[in-house]
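Each remark here refers to the structure printed beneath this line.
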Amino acid sequence: MPKIKINISDLSDFEPLPEGIYTVMIESYEERVSQNSGNPYISWTYVVIEPEEYSGRKLWDNTSLSPEARWRLGNLWKACGFESDGSEVDIDTDEMVGCTLKVLVTQAPSRKDPLRNVNEIKRYLRV
């Protein structure tokens, strides 16, 4: 095994973003299936634009595609500035990549490690 020299004074634990409202851009998404429920969902990756001190940091979020939870995807779609005259729309997630919006971020204990907090996106807002 190779010996690797590192400066341990540069090491730090990952700290979640402070709670607040952030301007973000949708960087990418991936369609996935829940291992627990078998339901499809979309995993979103966002890049923080503002506040500037957190610019470049990433946030992650999921929107379920189960019928009773699709309202959340609809709220994200609306926050991206899309609108519809009808009651049903065909959402093209590819069109959402690059969208700029605001998100309300909170902190909550991690499911995997309850002693560590992680960020959660609680609300999507138009810029």
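Observations on the structure shown:
- If you take the Cα centroid of region 73-93 and the Cα centroid of region 100-127, the two points sit 22 Å apart.
- Selection from GLY74, TYR41, PRO114, by position along the positive dipole direction of the chain (Cβ): PRO114
- Dividing the radius of gyration of the alpha carbons in the chain by their Kirkwood radius gives 1.05 for Rg/Rh.
- GLU15-ALA69 FRET efficiency (beta carbon distance; Förster radius 30 Å; 0.05 resolution): 0.55
- Residues of type lysines that LYS122 reaches as a straight line, Cα spacing below 24 Å, ignoring anything fewer than 8 places off in the same chain: LYS58, LYS78, LYS102, LYS112
Any read-out appearing in this document is the output of simple, stated calculations on the displayed coordinates, not a laboratory observation. Please read all numbers here as calculations on a predicted model, not as lab measurements. All Cβ positions, even for glycine, are placed from backbone atoms using ideal geometry, and neighbour counts span all protein chains on display.
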